[in-house]
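Below: one structure, written as structure tokens.
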Amino acid sequence: MGRERRARLRTAAGIAQVRLVCASSAWFSLRVRCARRFGAQHFHEHMETVGDDGLVTVALAGLELSELVAVVSRGSRWWSFDDAPGRALCHAVYKAAAAVLDQVDPWDDPTAHVPAITLTAGAAQTRCAGCPGPADARAADVAAGRPAATGHRPC
């Protein structure tokens with residue numbers, strides 16, 4: 001196990017909660033893979049909420065996140081027994097989770113905001129609860145002195 005992977009697993013275990021936002025088919029595949037490896041007590045049906053845009057949001061505790069990271073890091077390797085689409089999904093989830101975990105240190109700043117792990121490229125109007133819509137984002141950019149073209153980047 002690589003040093004980076006071990007550090008990410010430790011960081012994941014130290015997080016109280018993080019949101020995973022993705023397509024329902026991706027979550028179903030991830031849930032099955034995690035339940036197969038670690039059992040269904042952490043990865044069970046109906047732990048997700050479906051948004052108006054068709055994306056699912058799953059609240060993961062630190063243990064569940066570390067188990068997910070362990071599964072997708074193994075599944076994304078070239079020697080994995082997964083099929084090519086399964087390896088691709090695992091690789092995408094690992095990269096998205098790693099990007100979030102590399103930003104967070106739960107021991108240095110226990111009150112730090114943990115961004116959502118998102119696999120939402122191509123989804124229409126993807127935004128988290130409380131985020132402004134596109135028109136509101138442009139107005140917020142202008143009010144903050146930023147160019148209006150930057151738009152809002154969801155957390």
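Bear in mind these aren't lab numbers, they're just calculated from the coordinates by the rules spelled out. Not measured: the values here are computed from a predicted model. FYI the Cβ positions are ideal-geometry reconstructions off the backbone, even for glycines, and counts take in every protein chain you see.
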> How much length, in nm to one decimal, is gained on full extension between H91 and A13, taken as 0.36 nm per residue of separation minus their Cα-Cα distance?
Replying inline: 26.1 nm
>> So if I take the centroid of the Cα atoms in region 1-29 and the same for region 53-71, what is the distance between those two points in Å?
In response: 6 Å
>> So, R0 is 35 Å and r is the distance between the beta-carbons of D52 and R3; what FRET efficiency does that work out to, to 0.05?
In response: 0.25
>> Just the number: Rg to Rh for region 3-124, Cα atoms, Kirkwood Rh, two decimals.
In response: 0.94
> Mind checking the dipole of region 3-124: about its Cα centre, +1 per Lys or Arg Cβ, -1 per Asp or Glu Cβ, Debye to the nearest 20?
Replying inline: 600 debye
> At a Förster radius of 25 Å, what calculated FRET efficiency corresponds to the Cβ-Cβ distance of D105 and A84, to the nearest 0.05?
Replying inline: 0.10
